[in-house]
Amino acid sequence: MVFGFALVMTLVGCKRGNEEVVTTEPGSDDFPSQEGWNSELYLSKAGELLAVVRYGHMMKYDEKKIVYFDQGVEVDFYDGEGNHTSQLTSEKGEYHEETEDVLGVGNVVVVSDSGVTLRTEVLKWDNRREKILSDTVVMVTTVNHDTLYGVGFESDPDLNRWVIRRPWGVSERRVDME
């Protein structure tokens, strides 16, 4: 799911390397090498649709090797057979070209087609580990309508196997926490 977003940005033009993810925005004296408004990208690999990305405004900085999305991001993800798997929305986003890490910032919501919903303020795709991560407060609503909260989150790209750090929650049934 978020892995697809990383692949999306890879197809836009990315490089590999080691760069720490920093949540900064461009200064008034910085000028992007590319900009785009109200656009939609269809991303595929070997003819298979991976994702459809919609954004309000994008700024690409070649020197910093960062792409900023500052007016809303919506990404629909697809599996290898072309089936829709999930959707991510956020107010802002960043793509770090050297690491291929992706950051969603502000009202981040991921809804999987399997019925799991994740809400947080900051969500990172760690490309090297192929994991979705958050160090902030998260809320996960499961298929069984259980609502779990925590500070810290880690998951596979499909939200099938996830861990909430420092959890608390609400359930209408007994939940085994071990």
Worksheet item: Hey, got a sec? Which GluC sites (Glu not before Pro) in segment 51-121 land in a DSSP loop and have at most 10 other Cβ atoms within 10 Å?
Response: Glu63, Glu81
Fill in: Cα radius of gyration and Dmax for segment 46-178 (Å)
15.5, 53
Discussion item. What does the charge count around Ser33 come to, taking other residues whose C-beta lies under 13 Å from its C-beta (Lys +1, Arg +1, Asp -1, Glu -1)?
Written reply: -2
Fill in: Cut-off 20 Å, label 7 Å out along Cα→Cβ of Arg173, residues of segment 114-153 by amide N
114-118, 140-149
Discussion item. If you filter segment 105-163 for trypsin sites (Lys or Arg not before Pro), then keep DSSP loop positions with at most 12 other Cβ within 10 Å, what is left?
Written reply: Arg128, Arg129, Arg161
Response to the item:
The orientation-averaged projected area of the Cα convex hull of segment 70-115, in nm², is 3.9
Worksheet entry | trypsin sites (Lys or Arg not before Pro) lying in DSSP loop within segment 62-106, provided at most 12 other Cβ fall within 10 Å | none
Worksheet item: Suppose R0 equals 22 Å; then what is the FRET efficiency for Gln71 and Arg128 from their Cβ-Cβ distance, rounded to the nearest 0.05?
Response: 0.15
Worksheet item: Once label points are set 7 Å from the Cα along Cα→Cβ at both Glu81 and Tyr42, what is their separation, rounded to one decimal in nm?
Response: 2.1
Item to complete: Can you grab the distance from the C-alpha centre of segment 35-113 to the C-alpha centre of segment 137-152, Å, no decimals?
Response: 23
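Readers should treat all values here as calculations from the given coordinates under stated rules, not as data from a laboratory. Just so you know, these numbers come straight off a predicted model, no measurement behind them. Cβ sites come from the backbone with ideal geometry, for glycine too, and all protein chains shown count toward neighbours.
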